[in-house]
1. Within region 131-149, is there a residue that is farther than 15 Å from residue 41 by Cβ, at pLDDT 95 or above and either part of a helix (DSSP H, G or I) or not hydrophobic (A, V, I, L, M, F, W, C) (or both)?
2. Out of (1) at pLDDT 95 or above; (2) not in a helix (DSSP H, G or I), what's the single condition that is false for residue 164?
3. Only one of (1) within 11 Å of the chain's Cα centre (by Cα); (2) closer than 19 Å to residue 56 by Cα; (3) buried (at least 23 other Cβ atoms within 10 Å of the Cβ) is not met by residue 157, so which one is it?
4. Identify all residues within region 117-153 that are farther than 24 Å from residue 90 by Cα and touching a residue at least 24 places away in the same chain (Cβ under 8 Å); write none if there are none.
5. Can you list residue pairs whose Cβ atoms sit under 7 Å apart, with the first residue in region 56-69 being part of a helix (DSSP H, G or I) and of a type in the set (S, T, N, Q) and the second being modelled with pLDDT under 95 and loosely packed, with under 15 Cβ neighbours inside 10 Å? Count only pairs 6 or more apart in sequence or on different chains.
6. How about region 133-164: which of its residues are within 20 Å of residue 181 (Cβ to Cβ) and in contact with a Ser or Thr (Cβ under 9 Å, 6 or more places away or on another chain)?
7. Taking the conditions exactly as written (surrounded by 22 or more Cβ atoms within 10 Å (Cβ to Cβ) and of a type outside the set (Val, Ile, Thr)), does residue 91 satisfy them or not?
8. Just checking, which of 16, 77, 111 is modelled with pLDDT under 85 and either within 15 Å of residue 182 (Cα to Cα) or aliphatic (A, V, I, L, M) (or both)?
Amino acid sequence: MLRRLSISAAIFAAAAVPAFAHLDPLAHGSFMAGVSHPLFGLDHILVMVAVGLWAAQLSGQNRDHRALWMVPLAFVAAMALGFAAGVAGMPLPFVEPAILASVIALGLLVAVSVRLPTIACSAVVGVFALFHGHAHGVELGAAGALQFGIGFMIATALLHMSGIGLGLFVSRFSPNLSRILGALTALLGLSLVFG
């Protein structure tokens, strides 16, 4: 059991390590700058992977395999709306605290193995996604909005898929492994608040 847990922890850590830092859109293009953006912040990585973990967990618990695509899709769609609002200069209060709260909350939802209808879960992740998207829109800088937006949505979807894959993989050994990963996510979120 300990060996399986350490393997799962190593996989989770590898999924959470940023591939590269923010790229300069002038040097690397707006699309690549968008791809790099969610991969640079630990808060973004943890949330995206947690969404995938929760979707995999829900798929097994509720026997509703729609959760595997509905929950991540709700996140990406709501994030796109938040991004558009940020680019348009629409204010959204408490963006950074909400992003940090999303890490802790989604980690806890996985840790406690919260079982809600897929639609309700999609709404929960959608609310958090608005804040993540808004942050991306505000931090656009010199990048072209369309290319940057496509880039970060693709990176987000890939992080969701890694979370789904991780969740499905660890569930083959024990449902408690996903819960442990959720608890670790929440603890890392707390460390970001106080770090």
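The values are calculated or read from the model by the stated rules, or taken from the named source; none is laboratory data. This is a predicted model, so every value here is computed, not measured. Reconstructed Cβ throughout: ideal geometry from the backbone, glycine too, with neighbour counts over all protein chains shown.
1. no
2. (2)
3. The single condition residue 157 does not satisfy is (3).
4. First pass over region 117-153, keeping only residues farther than 24 Å from residue 90 by Cα: 117-121.
117, 118, 119, 121 - these are the residues of region 117-153 that are farther than 24 Å from residue 90 by Cα and touching a residue at least 24 places away in the same chain (Cβ under 8 Å).
5. That search, which allows pairs on different chains as well, returns 59/65; 61/115.
6. Our first condition is that a residue be within 20 Å of residue 181 (Cβ to Cβ); within region 133-164, this holds for 156-164.
Scanning region 133-164 gives a single hit, 164.
7. Working: surrounded by 22 or more Cβ atoms within 10 Å (Cβ to Cβ): no; of a type outside the set (Val, Ile, Thr): yes.
Criteria not met by residue 91.
8. Numbers: 77 fails: modelled with pLDDT under 85; 111 fails: modelled with pLDDT under 85.
The unique qualifying residue is 16.
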